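Notes to accompany the following structure.
The values are calculated or read from the model by the stated rules, or taken from the named source; none is laboratory data. The shown structure was predicted, so the numbers you read here are calculated from the model rather than taken from an experiment. As a convention, Cβ positions derive from the backbone with ideal geometry for all residues, glycine included, and neighbour counts pool all protein chains shown.
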Amino acid sequence: MKKLILAAITLTTAGSIFAQGTVSFINRLAGTGTTHVYSGPTARTGNGASDIPAGATDWTGYTLIGTVGGLTASTTFTTLIGAPGSGAAESSMLASTTPPTTFRTGAAAGNIVATTDTFANILPDAAAGTFEMVVWDNSTGLYPTWTQASVAIANKLIMGGASAPFTLSAIGGAVNTPPNTVSSIAGQGLQSFAIGQIPEPTTVALAGLGAAALLIFRRRK
């Protein structure tokens, strides 16, 4: 009997060590909220007229991910990064341990294939967590994780970006149901956003030539 009790205590302790907080990663949920992700000339954030709840952001000139002429739904990856507590710094956020998901097409373009994201750095049933939705182009197949993609984005090798940070309460665990990333309350939860285009090589080259010319001009003065 004592051995059974000891074994039960050991299993419970081990389970608590490896327990992780969970979040329902979704940006199209009937009766709750709908946001979209776009690609376009610059990065920007804000719900538009087609979102729920609706906002005032004008998305003219931007393309929903998963539509013709935009980024391909099946090769555009996305996940959540997060940290415990409200208002946590982006530098403290870690990517979900759940594999990245992708986007949908047709009437659901700009929306993701829903999944439940798990976080090794956020305790189950935590009071709150701060999150960002990160998105990147993995059409080359070279960047299957956010760790790899974030470096490539910083070096302007691929398109990618992140949403504005948002806070979720009552993180999922043994007691709480995983909270949804979208909210029916304006200004709360995940908002629509766009990832900006990579500068064209000609633009980069011209910028470099301009800087070089300016340097030469200053030296001659």
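Values as computed for the structure displayed
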item	result
Candidate set: segment 189-221, residues that are out of contact with any strand residue (DSSP E or B) (no Cβ under 8 Å at 6 or more places or on another chain) and part of a loop (DSSP other than H, G, I, E, B); chosen: the one modelled with the highest pLDDT	I198
Number of positions in segment 48-64 that are under 21 Å from F77 (Cα atoms) and assigned to a loop (DSSP other than H, G, I, E, B)	1
Of all residues making up segment 31-50, the number that are surrounded by fewer than 22 Cβ atoms within 10 Å (Cβ to Cβ), touching a strand residue (DSSP E or B) at 6+ places or on another chain (Cβ under 6 Å) and not polar (S, T, N, Q)	3
Index of the failed condition, G189 passing every other in (1) small (G, A, S); (2) surrounded by fewer than 19 Cβ atoms within 10 Å (Cβ to Cβ); (3) more than 30 Å from T140 (Cβ to Cβ)	(2)
Filter result (under 22 Å from T75 (Cα atoms), small (G, A, S) and not in a strand (DSSP E or B)) within segment 148-188	A149, S150, A152, A154, S163
Matching residues, segment 79-117, being assigned to a strand (DSSP E or B), more than 12 Å from the chain's Cα centre (by Cα), closer than 19 Å to P165 by Cβ and not hydrophobic (A, V, I, L, M, F, W, C)	P84
Residue identified as out of contact with any strand residue (DSSP E or B) (no Cβ under 9 Å at 6 or more places or on another chain) and touching a residue at least 24 places away in the same chain (Cβ under 8 Å) among G66, G55	G55
Out of A88, A128, A114, sole residue that is touching a Phe, Trp or Tyr at 6+ places or on another chain (Cβ under 8 Å), within 22 Å of Q191 (Cβ to Cβ), of a type in the set (A, V, I, L, M) and modelled with pLDDT of 95 or more	A114
Selected residue (only one of S163, S183, S169 is surrounded by 14 or more Cβ atoms within 10 Å (Cβ to Cβ), modelled with pLDDT of 95 or more and over 24 Å from P99 (Cβ atoms))	S183
Within segment 117-137, considering residues that are touching a residue at least 60 places away in the same chain (Cβ under 8 Å) and more than 13 Å from T79 (Cα to Cα), the one surrounded by the fewest Cβ atoms within 10 Å (Cβ to Cβ)	A120
Filter pass, V182 being without any contact (Cβ under 8 Å) to a residue 60 or more places away in the chain and at negative phi	no
Subset of segment 66-78 that is crowded, with 18+ Cβ neighbours inside 10 Å and in a loop (DSSP other than H, G, I, E, B) - its residue that is modelled with the lowest pLDDT	G70
